[in-house]
Amino acid sequence: MSFKVSQIQLDIVYRNPKENVEKVAQLIQKAVKEDNPDIIVFPETFTTGYSEGIFHNIDKYAETEDGETVTVLRRLAKKFNVWLVSGSIVEKDDKGTYNTIFLIDRKGNIVGKYRKMHLYSAMDEDVAFKNGVDMPVFDTEFGKLALMTCYDIRFVELSRTYAVKGADAIIIVSNFPNPKVNHWRILLQARAIENQLYIIACNRVGSADKSTYFGHSLIIDPWGEIINEGNDEETIISGEVDFNKVKEVRSIIPMYYDRQPQSYPDDILQMNKKGE
């Protein structure tokens, strides 16, 4: 299955959800007009920006699933007949507050959501949010899609779980800051190669609090080849994705057949204290 994806490499307006939602709506319209994509992706915490300062006042920005931001996105998806990967928003329910991505189909339906599992304790993200615990793989008209958020890309367990569940692509939303562009590119290419799937990763540009962001949103094929890469400016990055290539690569290198899960210890990588 071949389709086109566009990523909105957004310069997020710090602490201004209303302006960011309006800005994204304009850029969705632009992407549809210029590139006619099937899926549009935008960055992590796109309504607020990402910073330690926000994390200590996070409930000010929290919304429910049926709140204004998701409602607007559902309307836009239906209007433009396009799938949306919502970046992430500050989502709340009766159990807590989460850093959540919504997957919305062409009809404006919420197909599902992913709550960020790995929270960046170095900036107190784990103080602001509860960890997500589910690792869903979504059946779509294109194939099987999975979602990840920023820091998640450093955790091979999550991407491998998605791959074993049959994911054809992992879509990543991010606020990955300077000076770690080398980490960003290498980690994403590694996730593509080691799991033999597409990586579609949308990063922001601009600044928030003490951090600056380099963009370089990427579309990477199952060989680890870069299909398209952004620069450090607000822009729209588009590219063709063909899931037949996933099958091709997996047939050439039968990695999943050669796995030996019965030999892998359950307690691998149990280190869980800061700085160790």
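The values are calculated or read from the model by the stated rules, or taken from the named source; none is laboratory data. Since this is a predicted model, take the numbers as computed values, not measurements. Quick reminder, even Gly has a Cβ in these numbers, built from the backbone with ideal geometry, and neighbours come from all protein chains shown.
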- Which pairs do you get when a residue that is in contact (Cβ under 8 Å) with a residue 60 or more places away in the chain, found in segment 89-105, comes within reach of a residue that is aliphatic (A, V, I, L, M), reach meaning Cβ atoms under 6 angstrom, with the pair 6+ apart or on two chains? 101/147; 101/173
- Would you mind stating whether residue 211 is in contact with a Leu (Cβ under 9 Å, 6 or more places away or on another chain), farther than 19 Å from residue 86 by Cβ and of a type in the set (Ser, Thr, Tyr)? no
- Output the strands (runs of 3 or more DSSP E) that fall wholly within segment 15-114 and possess 1 or more residues being polar (S, T, N, Q) and surrounded by 18 or more Cβ atoms within 10 Å (Cβ to Cβ), or say none. 96-104
- Message: Filter segment 220-265 down to the residues that are free of Cβ contacts under 8 Å to residues at least 24 places away in the same chain and in a loop (DSSP other than H, G, I, E, B) and list them by number.
- Response: 225, 231, 254, 259, 260, 264, 265
- Yes/no for residue 52 being farther than 25 Å from residue 236 by Cα and in contact (Cβ under 8 Å) with a residue 12 or more places away in the chain: yes
- Identify all residues within segment 208-237 that are of a type outside the set (Lys, Arg) and at pLDDT below 95; write none if there are none. 208, 209, 211
